[in-house]
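The values are calculated or read from the model by the stated rules, or taken from the named source; none is laboratory data. Since the model is a prediction, treat every value here as computed from it, not as a measurement. Cβ placement follows ideal geometry from the backbone for every residue including glycine, while neighbour counts extend to all protein chains displayed. The protein model used for the area step is the full one, side chains on, heavy atoms only, and it has no ligands, DNA or RNA in it. Shrake-Rupley method; radii C 1.70, N 1.55, O 1.52, S 1.80 Å.
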Amino acid sequence: MADDRNDPERDRLSGRLSRFAKVGAGLSGAAVSYGANRVFAGDDANARNAKALKAALGGLKGPLMKAAQMFATVPDLLPPEFAKELAELQTNAPAMGWPFVRRRMAAELGPDWVSKFASFEHEAAAAASLGQVHRATAHDGRALAVKLQYPDMQSAVESDLGQLRALINLFKRMDGSIDPSEMIVEIGDRLREELDYGREARLMALYGTFFASREDIRTPTPVPELSTGRLLSMTWLDGQGLLAFKSAPQEVRDRIAALLFEAWWSPMTHLGIIHGDPHLGNYTFGGEGAAHLNLLDFGCIRIFPPKFVAGVVRLYRALSNDDRAEQMEAYRTWGFQGLTDELVDTLNVWARFIYGPLLDDRERTVADDVPPGEYGRREAFKVRQALKAVGGVTIPREFVFMDRAAIGLGAAFLHLGARHNWKRLFEASLEGFSEEAVAERQRAALAAVGL
């Protein structure tokens, strides 16, 4: 649909200009609030400014809001007040009203769209940065989740990416430790993919096939006859969010953590595919005592080259064996350039934090006595200071979503206070691992769903 010149929502210059004006107005409003808060707010100025920015981005919808969510998960990139407010955009985004829903449904399924459902709820069940979800019922009695994309998102992506590049250039001038240029390329490609609901449906089917033998890890089933490129209908999975289990018995919390670990890392080590957006709104737990995990969203799935996956495993083993030559080769495989012993030492600070629980052959929490919101901040600060001393580094694009997944999962495990021998869980996921086997399994899995 994106290449169809008759598509009224294709990427258009007029759409980009309209979006540019809206974004500018929203951020200008946040800037006015920022100035007033600096003058009048006293010690809580950061908190007030963070709320103003959250309000501006939440009202805008779209890619800038999505990017804000991503930045909120990068430790030490934002002050804690800003990280907290922006992280809430992930699950508390304001929904668009019924007039929008009627227009969108008619545009995608035709003027008689209501007759294609036995029921359709007016109020959104959930809202996010690029779309919102409504509960419905099919004529065969199946409960459905109907995901509607917000209008003109294709133009919004291109407009917002241009403004993000300007923000990143400012960041580069302010902080020379990390060159995030490749990050914006990666985020842009993933955002464009996320707008393609046909692709998401195929990836949903891929995950469904991968976990078909597991009763304790479930995925929705797409409903093609009620879906289009910007409308995705799927079966509804009942469950509760992770935070509902923070006070559950230890064995329940540990089981939840093990399910999350397997749901993210098994596809990575077997297929080279990872869910790049492990925030709390993308999964629930159902059954007695959280017997099973529901994976709910497949818009942000990263398919890695098998060589990169081999580098991930290579670095794990090189860190385990304290093998400097293998560590350097692993970073080179990931795409880091200009490697020196000093730069490898610095990168190892972060790597030993990310891999730390996997290197320790004992039962433990992910990070003892560290609040989820502060996970990785101390290590990130050390790395950024050290990178400034060695002249900075360009982060390879493949690194972005793997790092994000690791931080997101670690924070979830901390919320739960889960205890495991994480090394044994990871070693179990590596059974039969080789780069060649990953390449073959990936090829077959993608071909089976038409990707």
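For the range 243-321, the square roots of the Cα gyration tensor eigenvalues, ordered a ≥ b ≥ c, give a/c of at least 1.5 with a/b no greater than b/c, which places it in the oblate category.
Surface analysis of the range 182-321 yields an accessible area of 34 Å² per residue, using protein heavy atoms and a 1.4 Å probe. Residues whose amide H falls under 5 Å from that of residue 130, counting only those 5 or more places apart or on a different chain, are 62, with hydrogens built in the peptide plane. Remark: the range 226-240, residue by residue, has Karplus-estimated 3J(HN,Hα) of 10, 10, 9, x, 10, 9, 10, 9, 8, 5, 7, 10, 6, x, 10 Hz, where x stands for each Gly or Pro and the curve is 6.51 cos²θ - 1.76 cosθ + 1.60 at θ = phi - 60°. Taking label positions 7 Å along the Cα-Cβ direction at both residue 142 and residue 443, the computed distance is 3.2 nm, reported to one decimal. Put simply, when 149-162, 95-108 are sorted by average Cβ atoms within 10 angstrom per residue, most first, you get 149-162, 95-108.
Packing, taken as the mean count of other beta carbons within 10 Å per residue, orders the peptides 129-135, 240-246, 314-320 from highest to lowest as 129-135, 314-320, 240-246. With θ taken as phi - 60° and the Karplus curve 6.51 cos²θ - 1.76 cosθ + 1.60 applied, the whole-hertz 3J(HN,Hα) list for the range 146-159 is 10, 9, 10, 7, 5, x, 6, 5, 5, 5, 4, 4, 5, 5 Hz, x standing for glycine and proline.
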